[in-house]
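Okay, so here's the structure we're looking at.
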2 protein chains.
Amino acid sequence: MKPLLQAMKERRLYLDGGMGSMLQAAGLPEGLLPDVWGMENPQAVQGVHRAYLEAGCRLITTNTFGTSAPKLAPYGVTPAQVMTAAVANVRAAMDQAGVTDGYVCADIGPSGKLLRPYGDLDFEAAVGLFAETVRAAAQAGADCILIETMSDLYEMKAAVLAAKENCDLPILASLIFDETGKLLTGGSPRAAVALLEGLGVDVFGLNCGLGPKEMAPVFQALWEDTSTPLLLQPNAGLPRSEGGKAVYDVSPADYARQMRPLAPMATLLGGCCGTTPDHLRALIQATQDIPLPEIPQWDTLLISSYCQAVALDGRDPVIIGERINPTGKKKLQTALREGDMGYVLGEVFQQEEAGAHILDVNVGLPGLDEPAVLTQTVEAIQEVTGLPLQLDTSNPAAMEAALRRYNGKPLVNSVNGKEESLETILPLVKKYGGGLVCLTLDDEGIPADAQGRLAIAEKIVRRAEAMGIPRRELLVDGLTMPVSAGGDNAKVTLETLRRAKEELGVKTALGVSNVSFGLPKREQLNQSFFTMALEQGLDGAIINPKSEAMMGAYRAYRALAGLDDQCQAYMEAFQGETASSPAPVSQAHTLGLRQSV
Amino acid sequence: MKPLLQAMKERRLYLDGGMGSMLQAAGLPEGLLPDVWGMENPQAVQGVHRAYLEAGCRLITTNTFGTSAPKLAPYGVTPAQVMTAAVANVRAAMDQAGVTDGYVCADIGPSGKLLRPYGDLDFEAAVGLFAETVRAAAQAGADCILIETMSDLYEMKAAVLAAKENCDLPILASLIFDETGKLLTGGSPRAAVALLEGLGVDVFGLNCGLGPKEMAPVFQALWEDTSTPLLLQPNAGLPRSEGGKAVYDVSPADYARQMRPLAPMATLLGGCCGTTPDHLRALIQATQDIPLPEIPQWDTLLISSYCQAVALDGRDPVIIGERINPTGKKKLQTALREGDMGYVLGEVFQQEEAGAHILDVNVGLPGLDEPAVLTQTVEAIQEVTGLPLQLDTSNPAAMEAALRRYNGKPLVNSVNGKEESLETILPLVKKYGGGLVCLTLDDEGIPADAQGRLAIAEKIVRRAEAMGIPRRELLVDGLTMPVSAGGDNAKVTLETLRRAKEELGVKTALGVSNVSFGLPKREQLNQSFFTMALEQGLDGAIINPKSEAMMGAYRAYRALAGLDDQCQAYMEAFQGETASSPAPVSQAHTLGLRQSV
Ligand SMILES: [Zn+2]
Ligand SMILES: [Zn+2]
Ligand SMILES: [Zn+2]
């Protein structure tokens, strides 16, 4: 256990509060980058750190919010130089204050540029910028990386990856939401939880932008979804402008009072703009006796795009559109070979319109540069839809390339029980995050019975957990085989689903339509098998959402399983439609009974 | 326990063999009724009985095969007089032989007339004829009633009812099958088992018509279906005509050898035409050390018409056509009021053609004489179809009238947990036989949860079993309520089905279409709910078989559940049909896997 993460569990630790306005008071000139000024005015910076230490804060943030190569270039200094000086300032302040149990948080702020497609900063370039700062922080002896005030999940992903790839320090990740509960690029709290838990940050939460009162609903939303300790650093209320300067009106006493109700959900508390050592002192006094939260371990699997999340809660199933897959589709094959995204995007719109929640993306074609094409296709799709995606490839290089560039937390299709698969895919999921579809086959092939498939599923679960991938992230795929090839094929698949869920506590996924291969009236078999699979606990249904029969079965299942409150979704989908043949007559005896009781 | 039934379990008892040819040898003139001649020639009859007693037989059949009022009328004697003399002859023979452990079987043969609709003998008239003989037998002190050589299940039902209503003696019932394994009126062995076990005879089996070898397959078929002790009395082979007289060629030794392999399935063995005391002696010697069969208690519920049976085995579901029900059907209402059967019979043909296995018959209309109309409707339907019927009425008088006249063993819809219902319906089922649909409601109404419905089901099961109606005869109806009226309605019904089956070991039934009441696109909901119910163990599905969606769901379920060997039934039903929209693309990864393993 990293020392900070251990200490954090044992007692309440506090982050510090605002830095900029305090440095201004200490002489920071208007328009100068505080990071650079701090190198030359170590006493001023150390004074601020010391004041927070004396107020009781123990996680002290380096004065490096703006430290990145492009911002520093005009000053002729490197991130390494700034970070080294900034870490030394914190250490010096701790010495001056006689504090031996403090932690240096290497502060990483946003790049100041928007990433593609919103701006022109390339994702890998962003990773590179953050990486330089991270390496400097580790080199300078920081105790953790604090990525903060991020307003875009994609940039956050770049920063977290940079941290994971360039140091072994604990990672704290903090986002800035607006008053509507969204990030600048539209992300929801749940999408943030999905991404950050997928990436495996140690602590995450909220800072800046809002005061404790305005932040409360977003923070509550995080709390209700996450299984990770949370941090909370609001401003001293909403700013108002006074003579061109931002003024924060919430007093230390009010700040502390507003923070109290949030403290039972927060592992780390601190402040942001407008907060002072007095705010922190009041906060600490008001909350230090509140017990640390017990971090719940939720079972829900969250998948996300840049803006929204889809929850697989083990109860309410979701539709994974299967149409972006060149198998047997001449037009799509041609489009992929010619780099023409029009056909793909048409399928995106149609499937979204039809009600899909997640879109499968498979571009596997012989002779295609799959890592490049899959990544480009994923990026093109993410430009036009907020639906999360399922990355579907058996090419590990393509999987890693797409996983890296994917904006959010995708489904990963798939790992299987072969050693080679486990060794390549599990580390990718551990690093990038993703709900993982686990195919129940191994070097021996597909077991004929459910017992054999479950044994493989169990092996994958064990291996994933040993790597730190929680069970909730796994979807066991029972493997649909054509019932025409064996009368027990459907039964075995359904039993695998049911038992995987019951005995292993995982989610389940299934491609449905293969069941009817070789038989007439395929949609009837598909629809029936789909309904049966839903009843056995199918969570992620890989189907054609453009099939009315399949979406009808899905909507009917939800109504019948009590998942569609007052059948509203069903009625909305089908209002105005009547049965295609005369409505079947209700059973007289049942109707009769209803009248008689 | 009646003494014979007790003794029968403790050791092998033997019936006797042929009587007619032995009496001819003793002087019975050609053309004279042996029953009457025996009254005047007691020594001859007693001599035959004594010979069988000395051979080791202990169930001695009275010389009353032709004893019924019409046949006796020319001779000026009554059945009572003949039966009294015949019983006395057996008793005298036992005295002469010093046998104290013998039993007198009062023999009842066929009436010699065909019942309506084949002939002109009314069902109740037949019951009346048999009743007279039964009363005489009981009066004369017979130990059991042996109804034998019956070639029509409807006449057998009349005779058994006469026995049940006019004495407390054990009832042995024996049928004559032809070489194709059918009764004269077309009944199959399984239809015989259904009827006779429903009526609760103590022993049943086969006699006459065939020799042991020819009878073996039919006897084996009975054994594989029944939970009742069996009797077996073949002729001494197939007869050939010699000088206008039937001659039987199987020798005593051959008879005994051919009977040996059947003995492990038979509780009572004996002979029929062509067998002699020597045959019986050889038979006894060859089989008396073979252990008595352990009577298996099967779980399968058999429902039947006059000719065929439908098995509800708890695995493979059956379709109960719901269309003959006037609720909401103006045309049917008019037809029933006007006594016009055309519309009803049209529904019969259409539902049979569509694949129904059983037809529900409900004629409940205000102001209609339901006992009369239901009985007439059932009779009219049975004239045109061999499908078994479900008698569906809440009028107990109508239920009894229809149950009595029904040719076979019907489904009875329904009993419920109300005391009044239990007290009227259970005795009817005990008397006439029938698979019993048990509605899970009582005086308090329909319980909102599965637990409450199961409690009612359990109460009905307990009460039925206490009356001697086996659990296998019961179908618990989970009661379908509209999901529009409550989000949990479908779930509660499905849970009731599943748990009734698992916890109570009963069959299940359900009217399906009520689930979609008040919602658009009803067939989609009906189809989905139907599939879900099938997967939860629905045995008897009360649906509209004319709905393609419903029958499609049924056929697909059977294929997917491994109940349709090589999907043959599915392919036959839909050959030539393709999916209504382009066939959904099989999942690439699944197909890919199949190719790679
Ligand atoms: Zn701030
Ligand atoms: Zn005979
Ligand atoms: Zn006979």
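The table below gives the values:
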| item | result |
| --- | --- |
| Subset of region A:57-96 (residues that are open to solvent by 30 Å² or more (accessible area, probe 1.4 Å), in contact with a helix residue (DSSP H, G or I) (Cβ under 6 Å, 6 or more places away or on another chain) and more than 14 Å from A:A136 (Cβ to Cβ)) | A:Y75, A:Q96 |
| Any hit, region A:423-439, residues being open to solvent by 10 Å² or more (accessible area, probe 1.4 Å), within 14 Å of another protein chain (Cβ to nearest Cβ) and among the hydroxyl-bearing types (S, T, Y) | no |
| Top-ranked residue in region A:205-240 [being of a type in the set (D, E, K, R) and in contact with a helix residue (DSSP H, G or I) (Cβ under 6 Å, 6 or more places away or on another chain); ranked as surrounded by the fewest Cβ atoms within 10 Å (Cβ to Cβ)] | A:K213 |
| Sole exception among (1) within 13 Å of another protein chain (Cβ to nearest Cβ); (2) under 24 Å from B:R116 (Cβ atoms); (3) modelled with pLDDT under 95 for B:P366, by number | (2) |
| Unique match (being touching a Phe, Trp or Tyr at 6+ places or on another chain (Cβ under 6 Å), of a type in the set (A, V, I, L, M) and surrounded by 24 or more Cβ atoms within 10 Å (Cβ to Cβ)) among A:L146, A:L196, A:L115, A:L175 | A:L196 |
| Enumerated helices (runs of 4 or more DSSP H) restricted to region A:369-454, each holding at least 2 residues that are in contact (Cβ under 8 Å) with a residue 24 or more places away in the chain and β-branched (V, I, T) | A:370-384, A:419-432 |
| Cross-chain or 6+ apart pairs with Cβ under 7 Å, region B:2-23 first and under 15 Å from B:M265 (Cα atoms) and hydroxyl-bearing (S, T, Y), then within 16 Å of ligand 3 (Cβ to nearest atom) and open to solvent by 40 Å² or more (accessible area, probe 1.4 Å) | none |
| Selected residue (criterion: nearest to ligand 3 (Cβ to nearest atom)) from residues of region A:203-234 that are outside any helix (DSSP H, G or I) and of a type in the set (G, A, S) | A:S227 |
| First in region A:210-236 and touching a residue at least 40 places away in the same chain (Cβ under 8 Å), second anywhere and within 16 Å of ligand 3 (Cβ to nearest atom), Cβ under 8 Å, 6 or more apart | none |
| In region B:171-202, residue nearest to B:D143 (Cα to Cα) [restricted to those that are in a strand (DSSP E or B) and within 16 Å of ligand 3 (Cβ to nearest atom)] | B:L172 |
| Meets criteria (open to solvent by 10 Å² or more (accessible area, probe 1.4 Å), hydrophobic (A, V, I, L, M, F, W, C) and either out of contact with any strand residue (DSSP E or B) (no Cβ under 7 Å at 6 or more places or on another chain) or at pLDDT 95 or above (or both)) for A:L184 | yes |
| All positions within region B:479-488 that are farther than 15 Å from A:E535 by Cβ and crowded, with 24+ Cβ neighbours inside 10 Å | B:L479, B:T480 |
| Options B:D120, B:D107, B:D152; residue that is open to solvent by 30 Å² or more (accessible area, probe 1.4 Å), away from ligand 1 (no atom under 16 Å from the Cβ) and either aliphatic (A, V, I, L, M) or away from every other protein chain (no Cβ under 14 Å) (or both) | B:D120 |
| Residue check, A:K157 of a type in the set (K, R) and open to solvent by less than 30 Å² (accessible area, probe 1.4 Å) | yes |
| Verdict on B:V506 being over 15 Å from A:Y557 (Cβ atoms), β-branched (V, I, T) and crowded, with 24+ Cβ neighbours inside 10 Å | yes |
| Residues of region B:519-531 satisfying the condition of being in contact with a Cys (Cβ under 9 Å, 6 or more places away or on another chain) and more than 7 Å from chain A (Cβ to nearest Cβ) | none |
| Number of positions in region B:29-56 that are within 16 Å of ligand 3 (Cβ to nearest atom) and in contact with a Gly (Cβ under 7 Å, 6 or more places away or on another chain) | 5 |
| Test: B:T275 is away from ligand 3 (no atom under 16 Å from the Cβ) and more than 14 Å from every other protein chain (Cβ to nearest Cβ) | no |
| Selection count where residues are away from ligand 1 (no atom under 15 Å from the Cβ), in contact with a Leu (Cβ under 9 Å, 6 or more places away or on another chain) and closer than 19 Å to A:V218 by Cβ, scope region A:228-258 | 3 |
| Single condition A:A485 does not satisfy, out of (1) within 23 Å of B:Q568 (Cβ to Cβ); (2) in contact (Cβ under 8 Å) with a residue 40 or more places away in the chain; (3) not polar (S, T, N, Q) | (2) |
| Filtered residues of region B:29-47 (kept if free of Cβ contacts under 8 Å to residues at least 40 places away in the same chain and either within 16 Å of ligand 2 (Cβ to nearest atom) or of a type in the set (F, W, Y) (or both)) | B:P34, B:W37 |
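The values are calculated or read from the model by the stated rules, or taken from the named source; none is laboratory data. Predicted model, so just to flag it, every value in this text is computed and none were measured. Note: ideal-geometry Cβ built from the backbone for every residue, glycine included; neighbour counts use all protein chains shown. When the accessible area is computed, the model is the full protein with side chains, heavy atoms only, and any ligands, DNA or RNA have been set aside. Shrake-Rupley method; radii C 1.70, N 1.55, O 1.52, S 1.80 Å.
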